[in-house]
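Report on the structure given below.
Read-outs throughout are calculated quantities, based only on the coordinates presented, and are distinct from any laboratory measurement. Worth saying up front: this structure is predicted, and the values here are computed from it rather than measured. Positions of Cβ are backbone-derived with ideal geometry, glycine not excepted, and every protein chain shown enters the neighbour counts.
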Amino acid sequence: MEKIIKNCKENKDPLRVVPHAQGFHFYTTVGNYCGVSARSLEEFANALRYICYEALIFHFERGDFQNWIRSVIGDDELAQRIDDIKMCERHLAAESCRKEIEDAVRIRILQLEVANSPLCIGI
């Protein structure tokens, strides 16, 4: 369980809700906000389900998801998982890309919840 937590920045709980200003704000192009924001990994995973294709591809190709997860959420491991999707599966269809990213986020949320559960803290 230590490894799960180890890859998170010190003093940052990756499952926390951040202020709106630090949230992830989805755009379809530079300056064209699509009206969706996420302030936690849970909100981010939920937003991935319904954001438009243009916003998904815009941020995915720029590495914005990984940058936010790494710098604001503080989870290097999840950011790397999304980097790996980007490098290995760059030509995925939009829906496959969406699913790969959402699955990586949801799996990581579960890992962090288990690692933070009272049953694991004493291990």
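For Asn32 paired with Tyr50, estimate the spin-label separation in nm (one decimal), with each label point 7 Å from Cα along the Cα-to-Cβ line.
2.1
What is the order of Cys52, Cys97, fewest Cβ neighbours within 10 Å to most?
Ranking Cys52, Cys97 by Cβ neighbours within 10 Å, fewest first, gives Cys52, Cys97.
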